[in-house]
Amino acid sequence: MHGALKIVHLLAVLEYDGTDFQGFQIQKNGRSVQQELEHALYDFAKTRVKTVGGGRTDAGVHARGQTASFSIEWTRELEIFQRALNAKLPNDIYVRRVVEVDEKFSARYSATSRVYQYRVWNHPERDVFRTRYAYWIPEPLDAHAMQVAAQPLVGKQDFGAFGSPPQGTSTIRHLLRADVTRHGDEIFFDLEANAFLYRMVRRIVGTLLWVGRGKMRPAEMENVIQRKRRSGFSVPPHGLTLMEIKYA
């Protein structure tokens, strides 16, 4: 006997290939990561287990460090629960770890920051294996110029030029880090903030790509922030990955 079942409050860290999902959150029409997770949890609880996601990824966006908090009846080791949960999940979702948390913990509201990475495959020829997870741009890009242009974005300020709030009206966000680095033929755009506006990362990357292509000077980023000139296009979702959600 393993003893009476008890309610445990858990945080799951999961990764997924977002190609075939309409996003993390449950959608009326279309497949979602949250729906698949809650469907798998139903097999344990025999009733709906409500999950709270740490980040809202859009359709086609991937994750290596998405989080979800929930409460469920369980009394055995968490490693057993993790293995059993993964056995019930589809191949494009995998739970990396499960930890017990306080009853008041929320994957969303307890988070201190989120880290996203956007990848560009910057090579004259397309690579079908890389470009499933990276945006292919064949013409040369100046990564150093894009790194310079990214620095005015760091800090607490109005990012309304790059997106809209998922809820509420405030477009103030605190961007903690903005790094653009080249690794061979790949360019990584790493952004960390307390929270992000809808499509904020993808529009920031689109604006930086103007700089990388020589169509905008790095100093002009200030004008975009102040809405004196429009931001760049929203780059495709398949190059974006939610890397990590941090907690205090």
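The values are calculated or read from the model by the stated rules, or taken from the named source; none is laboratory data. All figures in this text were calculated on a predicted structure; none of them were measured in a lab. So basically every Cβ, Gly included, is an ideal-geometry build from the backbone, and we count neighbours across all protein chains shown.
If we scan the range 20-42, do we find a residue that is part of a loop (DSSP other than H, G, I, E, B), surrounded by 14 or more Cβ atoms within 10 Å (Cβ to Cβ), without any contact (Cβ under 8 Å) to a residue 40 or more places away in the chain and over 17 Å from the mean Cα position of the chain (by Cα)? Yes, the range 20-42 contains a residue that is part of a loop (DSSP other than H, G, I, E, B), surrounded by 14 or more Cβ atoms within 10 Å (Cβ to Cβ), without any contact (Cβ under 8 Å) to a residue 40 or more places away in the chain and over 17 Å from the mean Cα position of the chain (by Cα). Checked against (1) under 28 Å from LYS28 (Cα atoms); (2) modelled with pLDDT of 95 or more; (3) of a type in the set (Asp, Glu), GLU139 meets all criteria but (1).
Taking the range 92-116 as the range and being more than 18 Å from THR57 (Cβ to Cβ) and part of a loop (DSSP other than H, G, I, E, B) as the test, the residues that pass are VAL101, ASP102, GLU103, LYS104, PHE105, SER110. Of the residues that make up the range 223-242, is at least one in contact (Cβ under 8 Å) with a residue 40 or more places away in the chain, within 22 Å of PRO140 (Cβ to Cβ), among the aromatic types (Phe, Trp, Tyr) and surrounded by fewer than 20 Cβ atoms within 10 Å (Cβ to Cβ)? No, the range 223-242 contains no residue that is in contact (Cβ under 8 Å) with a residue 40 or more places away in the chain, within 22 Å of PRO140 (Cβ to Cβ), among the aromatic types (Phe, Trp, Tyr) and surrounded by fewer than 20 Cβ atoms within 10 Å (Cβ to Cβ). For the range 52-71, check the following and say yes or no: at least one residue is at pLDDT 95 or above, assigned by TED's automatic domain parsing to the domain that holds LEU14 and over 18 Å from the mean Cα position of the chain (by Cα). Looking through the range 52-71, at least one residue is at pLDDT 95 or above, assigned by TED's automatic domain parsing to the domain that holds LEU14 and over 18 Å from the mean Cα position of the chain (by Cα). Number of residues in the range 95-136 that are among the polar types (S, T, N, Q) and modelled with pLDDT under 95: the value is 1. Residue count for the range 129-159 under the criterion of being closer than 13 Å to GLU222 by Cβ and either among the β-branched types (Val, Ile, Thr) or part of a strand (DSSP E or B) (or both): the result is 5. Going by the conditions given, is PHE105 among the aromatic types (Phe, Trp, Tyr), surrounded by fewer than 19 Cβ atoms within 10 Å (Cβ to Cβ) and under 22 Å from the mean Cα position of the chain (by Cα)? In short, yes.
Among the residues making up the range 167-218, those that are in a loop (DSSP other than H, G, I, E, B) and within 16 Å of VAL61 (Cα to Cα) are PHE196, LEU197, ARG199.
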